[in-house]
Amino acid sequence: MKRKRISHLFAFVLMLLIGLIMVFPLFWMVRSSVMTQSEIFRKPMQWLPERIQWKNYVDIMTLRPFARWICNSAFIVVFNVLGTMLTCSMAAFAFARLKFRGRNVVFSMVLAAMMIPSATLLIPQFMIWKILHGIDTYAPLILGAFGAPGFYTFMLRQFYKGIPMDIDEAAKIDGASPLRIYMNIIIPLSKAPLVTVAIFTFTNCWNDFMGPLIYLSSEKKYTAALGLRSFIGMYTGQWHYLMAASTVLVIPVIILFACCQKVFIGGINLSGGLKG
């Protein structure tokens, strides 16, 4: 019994240390966001500001169109989340619940496409969007989500395959079409996995830097992640403003995960099938 308590205490202390290590960068970012530039680089290191500089958050909204950039990011995120949830759930339903010739071959092609390094696709995709006059528009950053990204399609397919096919057979006997089965049966049963897909998509899109960097050139169209670069010059950086902007950028992700934590974890657990 004593050994068990010691092992529990050791595990608690270990997890506490790991948690502190994981939280430390967030603390450092928030702490630096309310400091002056000189306080950040003061030696010996200063852990807390002498006076909290809330005006850093005001300055990032006035010196740069950061509020507009946040709205641009939100606009792109909304369409990405809706497009990914819609197309991936439909594709996963077809692969898991419908029988058609070549289903396994097509799904194997989807899995094979996931293995292609994304870096190798940057130049071909850029050339295609240049021909389509999509450069400096949001089209390259939005329309890709309506192509059923492979990872989320695979995840939802694994969940759908865990739903008993007897449900579909009973619905067909009652005259339900595949579309009605998808809308009235499968979607209500897959709320947790869909929320998981939405959270992953939101996080990836909200933090995306490479996509906007490649396709956007007008400053007024920048996303918030791309706008962070404007606080760093060739020789100097406005690090107090950069940390304040980064803090603002992180807040929506933290709030989203805090509100949807139970559903998110449940969705990951359910990705392999149904409970019970």
Please identify the pairs in which a residue from the stretch 199-217 that is under 23 Å from Leu256 (Cα atoms) has its Cβ atom under 7 Å from the Cβ atom of a residue that is among the small types (Gly, Ala, Ser), counting only partners at least 6 apart or on another chain. Trp206/Ser73; Asn207/Ala225; Asp208/Ala225; Phe209/Ala225; Pro212/Ala225
If I ask for residues that are open to solvent by less than 90 Å² (accessible area, probe 1.4 Å) and among the hydroxyl-bearing types (Ser, Thr, Tyr), which ones from the stretch 9-66 would you list? Ser32, Ser33, Thr36, Ser38, Tyr57
Would you confirm, using the coordinates I've provided, whether Met90 is within 26 Å of the chain's Cα centre (by Cα) and either more than 28 Å from Lys220 (Cα to Cα) or buried (at least 19 other Cβ atoms within 10 Å of the Cβ) (or both)? yes
State the number of residues belonging to the stretch 40-87 that are among the acidic types (Asp, Glu), within 20 Å of Thr236 (Cβ to Cβ) and without any contact (Cβ under 8 Å) to a residue 40 or more places away in the chain. 0
Filtering the stretch 112-168 down to residues that are open to solvent by 60 Å² or more (accessible area, probe 1.4 Å), β-branched (Val, Ile, Thr) and farther than 29 Å from Leu98 by Cβ yields Thr120, Ile123, Ile128, Ile131
In the stretch 207-259, the residues that are within 21 Å of Arg42 (Cα to Cα) and open to solvent by 70 Å² or more (accessible area, probe 1.4 Å): Ile232, Tyr235, Thr236, Trp239
For Phe100, indicate whether it is out of contact with any Ser or Thr (no Cβ under 7 Å at 6 or more places or on another chain), assigned to a helix (DSSP H, G or I) and among the aromatic types (Phe, Trp, Tyr). no
Just need a number here: residues in the stretch 175-203 that are β-branched (Val, Ile, Thr), buried (at least 17 other Cβ atoms within 10 Å of the Cβ) and within 30 Å of Ala74 (Cα to Cα). 6
Only one residue in Met15, Met1 is modelled with pLDDT of 90 or more and farther than 17 Å from Ile251 by Cα, so which one is that? Met15
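The values are calculated or read from the model by the stated rules, or taken from the named source; none is laboratory data. These numbers were taken from a predicted model, which means no experiment stands behind them. Heads up, the Cβs are rebuilt from the backbone with ideal geometry, glycines too, and the neighbour counts pull from every protein chain shown. The area values use the complete protein model at the heavy-atom level, side chains included, leaving out ligands, DNA and RNA. Shrake-Rupley method; radii C 1.70, N 1.55, O 1.52, S 1.80 Å.
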